[in-house]
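Asker: Quick one: this structure, given as structure tokens, is what I'll be asking you about.
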Amino acid sequence: MIDSLIRIIVIISLFLMHVSCIDKDVYEGDNENGNDSVYQYNSYLYPYRNEAQNVVAEVILILDNAPEVEQVKAKIPHLKYNKSWLFMLTQDDCRPEAYNTTWAAINGKPLSSSYFYNSRQLAAYDLPPDIFTLKGKDGTTATLGFTDGAGNEVRFALTTTVYPESTDMDVVREASNGKSTDLGRFGRYRLLTWENLVEMLSYDTSIAFHDVKTESITHADSLLKHFDIAQEITKEKLSGRGLKVLAEPNGNYHYLLAAMKYDPIRVMTAQNTKAGGPIVERHYPYRIVSDLEKSILQRTFYDNPYEITTRIESEMRKRSDEREAIHAGIHGSDVTFVQFLLWLNNRYGKDGDDSVWFPSLEEYYEYNYYRVNSTINHEVNGDTLKFRISLPSEQYFYYPSVTLNLSGIKYDQVRQVLSNDAVTGLSYASYDGGVMLNIDCRRFLSEHAGHFVEKYLHTQTESNRKDAIYFVEKLKESPQKDELKLKIPGYKK
């Protein structure tokens with residue numbers, strides 16, 4: 001009991017040291033005459049229906065003293081970026097807090113204890129009166145994440161469930177760039193809206209099935225019918241992006257049984273194994289040998305965030321290859337949960353020991369699928385070492401990205417790293433006596449970074465600047481990357 005109280009006091013103290021009121025001159029908006037007016041908002045949606053599939057990536061390393069071809073080995077590790085443990089988060093019930101609290105905290109956006117805002121209000125800086133942001137160790141607004149092992153930030157990524165059959169996801173509130181005193185415009189939404197979800201997706205949030213609009217929650221035929229309805233609505237709203245993950249709703253294992261028959265659902269998560277239901281698997285990442293297709297991975301709903309910290313610290317006392325994945329399920333999220341996310345960043349993320357990988361379940365499934373099913377070939381020709389990595393895709397794959405560990409060469413031997421056009425993001429570093437390559441093959445990664453650069457140039461806030469740099473740094477070295485860097489005055493990584 002005393003230990004729990006001490007932990008709570010310490011975490012709250014850390015939180016209070018890292019938050020402050022947001023700068024008013026940055027986030028207040030007026031029109032020229034000081035009158036209320038409707039803000040003209042342009043939503044941005046990544047072209048998911050045209051994402052790269054079945055990619056063949058080629059990477060060429062120019063070396064000093066190139067080894068013989070048989071000396072070189074290549075392997076995709078169990079966890080991306082060679083992290084030592086896995087944390088995941090699913091937020092159920094299509095809750096508006098997924099945007100206003102969880103996503104906002106991770107990405108350095110304004111937080112409120114009492115109110116809600118939407119993406120168009122954020123763009124117009126039409127925000128609640130009590131907003132604050134988390135502060136990092138350098139005193140600037142914090143973003144929460146880890147690194148790619150080569151010095152580049154990667155932000156935490158949650159999974160949010162959606163309820164496509166409800167028109168409550170369609171709700172739109174206009175933003176005002178005047179000084180309205182009507183706080184009703186910051187009232188709570190019933191569900192996460194499509195507009196807010198679209199913005200979240202740009203930052204690698206992923207989506208999952210949960211409840212569907214059926215009165216026959218135990219009948220597979222009805223559930224399958226409504227899976228299809230929800231899928232088609234989602235694809236229409238999100239430029240072809242489909243759902244392939246199910247987060248079991250309300251402990252109803254009939255959803256899991258139906259999902260086994262619904263081909264687009266490739267992986268599931270649930271909290272318990274109940275009589276009559278399928279087996280929910282405890283998940284040890286370093287023991288995984290399958291591609292996890294149709295697996296049901298266990299998650300846990302904790303009574304409070306401090307129970308999660310206790311669980312994490314227990315796993316961290318084990319060897320890395322013996323650690324169980326920690327997958328937390330939540331419904332709402334509040335300032336207390338934000339404290340936990342800040343603690344995770346400061347203890348095990350980029351501002352701590354940098355040991356955690358915190359992807360969405362969707363990204364983790366895809367990465368593991370590539371790890372198990374990819375083919376890797378290499379050849380040596382003079383001072384050139386060439387790798388060819390084939391990444392076979394399934395339906396609704398959106399993260400063609402892997403880490404590749406190379407042994408038989410050393411980092412100091414590498415003079416230059418080149419790649420084919422399929423590779424859009426590339427970083428490398430020394431790892432375990434060899435070289436680690438991070439390869440990203442998302443087709444529109446450069447255009448994606450360009451959007452955030454233009455957003456910053458249009459509205460030059462510190463938050464927009466950090467986003468622009470964050471997405472530009474995901475790109476491989478290229479003239480396009482250099483051009484985007486030149487657009488950001490005083491560019492500094």
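Asker: Tell me, what is the Rg over Rh of the chain, with Rh the Kirkwood radius over Cα pairs?
Answerer: Using only Cα positions, Rg/Rh for the chain is 0.96.
Asker: Kindly rank 147-157, 375-385 from highest to lowest mean number of other beta carbons found within 10 Å of each residue.
Answerer: 147-157, 375-385
Asker: Label-point separation (nm) for Arg190 and Lys492, each offset 7 Å from Cα along Cα-to-Cβ?
Answerer: Calculated label separation equals 4.9 nm.
Asker: Oh, and also: Enumerate the aspartates and glutamates that Lys485 could reach by cross-link, defined here as Cα to Cα under 14 Å, with residues fewer than 8 away along the same chain left out.
Answerer: Result set, ordered by chain and number: Glu447, Glu454, Asp467, Glu473, Glu477.
Asker: Right, here's the next one. Eigenvalues of the Cα gyration tensor times 5, then square-rooted: what semi-axes does that give for region 110-180, in whole angstrom, largest first?
Answerer: Equivalent-ellipsoid dimensions as semi-axes: 28, 21, 11 Å.
Asker: Full-extension gain between Lys73 and Arg319, please, as 0.36 nm times their residue separation minus the C-alpha to C-alpha distance.
Answerer: Contour length minus the Cα-Cα distance gives 86.1 nm.
Asker: Count the DSSP beta bridges whose two residues both fall in the chain, then state the antiparallel fraction as a percent rounded to the nearest 5.
Answerer: For the chain, the DSSP antiparallel bridge percentage is about 65.
Asker: If I take every Cα pair under 8 Å that is 6 or more residues apart in the chain, average their sequence separation and divide by the length, what percent do I get for the relative contact order?
Answerer: Once normalised by length, the contact order is 24 percent.
Asker: Determine the dipole magnitude for the chain: charges of +1 sit on the beta-carbon of Lys and Arg, -1 on that of Asp and Glu, nothing else is charged, the reference point is the Cα centre, and the result goes in debye to the nearest 20.
Answerer: Using Cβ point charges on Lys, Arg, Asp and Glu, the chain gives about 640 debye.
Asker: Given a 1.4 Å probe and every protein chain left where it sits, what share in percent of the accessible area of the chain is carbon and sulfur?
Answerer: The computed percentage sits at 48.
Asker: Using a probe radius of 1.4 Å on heavy atoms only, what accessible surface per residue do you get for region 157-304? Whole Å² is fine.
Answerer: Accessible area per residue, region 157-304: 41 Å².
Asker: Additional query: Once R0 is set to 35 Å, what does the formula 1/(1 + (r/R0)^6) return for the Cβ-Cβ distance between Leu418 and Glu232, expressed as a FRET efficiency to the nearest 0.05?
Answerer: 0.25
Asker: Now for a different question. Ignoring everything but the protein chains, give the 1.4 Å probe accessible area of Lys481 in square angstrom, nearest 10.
Answerer: Answer for Lys481: close to 10 Å² accessible.
Asker: Next question. How much FRET efficiency would the formula 1/(1 + (r/R0)^6) give for Gln460 and Thr273, where r is the Cβ-Cβ distance and R0 is 51 Å, rounded to 0.05?
Answerer: That gives a FRET efficiency of 0.45.
Asker: Taking the alpha-carbon distance from Lys481 and a cut-off under 21 Å, which lysines remain once sequence neighbours fewer than 8 residues away in the same chain are dropped?
Answerer: Cross-link targets: Lys455, Lys466, Lys492, Lys493.
Asker: From the phi of every residue in region 201-213, what ³J(HN,Hα) in whole Hz does the Karplus formula 6.51 cos²θ - 1.76 cosθ + 1.60 yield, where θ is phi - 60° and glycine or proline is x?
Answerer: 4, 5, 9, 6, 4, 10, 10, 8, 4, 8, 5, 10, 8
Asker: Sticking with this structure for a sec: Roughly what would the spin-label model give for Phe301 and Asn42, points 7 Å off Cα along C-beta, in nm?
Answerer: Between Phe301 and Asn42, the simple spin-label model gives 4.3 nm.
Asker: Another question, then. What is region 139-250 by shape, rounded, prolate or oblate, if you read a ≥ b ≥ c off the alpha carbon gyration tensor as root eigenvalues and call it rounded for a/c under 1.5, prolate for a/b larger than b/c, and oblate otherwise?
Answerer: Note, shape of region 139-250 comes out oblate.
Asker: How far is it, in nm, from the label point at Ser478 to the one at Val289 when both lie 7 Å from their Cα along the line to the Cβ?
Answerer: About 3.9 nm separates the two model spin labels.
Asker: Could you tell me how far the Cα centroid of region 244-314 sits from the Cα centroid of region 431-493, in Å?
Answerer: 35 Å
Asker: In the structure shown, do any of Lys137/Lys318; Lys213/Lys235; Lys386/Lys410; Lys80/Lys410; Lys137/Lys410 have a Cα-Cα gap over 23 Å, and if so which?
Answerer: Lys137/Lys318; Lys137/Lys410
Asker: Compute, for Ser176, the solvent-accessible surface of its heavy atoms (probe 1.4 Å) with the complete set of protein chains present, and express it in square angstrom to the nearest 10.
Answerer: Near enough 20 Å² of accessible area.
Asker: Quickly rank 71-79, 44-52 as a protection proxy: mean count of other C-beta atoms within 10 Å, highest first.
Answerer: So the peptides 71-79, 44-52, ranked by packing, come out 71-79, 44-52.
Asker: Can you give the Rg to Rh ratio for region 205-244, taking only C-alpha atoms and Rh from Kirkwood?
Answerer: Looking at region 205-244, the ratio lands at 1.00.
Asker: Using all Cα-Cα distances in region 295-443, what percent lands in each 10 angstrom bin from 0 up to the longest?
Answerer: It works out to 8, 30, 31, 22, 7, 1, in whole percents.
Asker: Additional query: Rounding to the nearest 20 debye, state how big the charge dipole of region 329-383 is about its Cα centre with +1 on each Lys and Arg Cβ and -1 on each Asp and Glu Cβ.
Answerer: The calculation lands at about 200 debye.
Asker: Show which lysines lie in cross-link reach of Lys179 when reach means a straight Cα distance below 22 angstrom and same-chain residues fewer than eight apart are skipped.
Answerer: Cα-Cα hits under 22 Å: Lys24, Lys109.
The values are calculated or read from the model by the stated rules, or taken from the named source; none is laboratory data. The structure displayed is predicted, hence computed values, not measured ones. Note that we place each Cβ from the backbone using ideal geometry, even for glycine, and neighbour counts take in every protein chain shown. Just the protein is used for accessible areas: all its heavy atoms, side chains included, with ligands, DNA and RNA removed. Shrake-Rupley method; radii C 1.70, N 1.55, O 1.52, S 1.80 Å.
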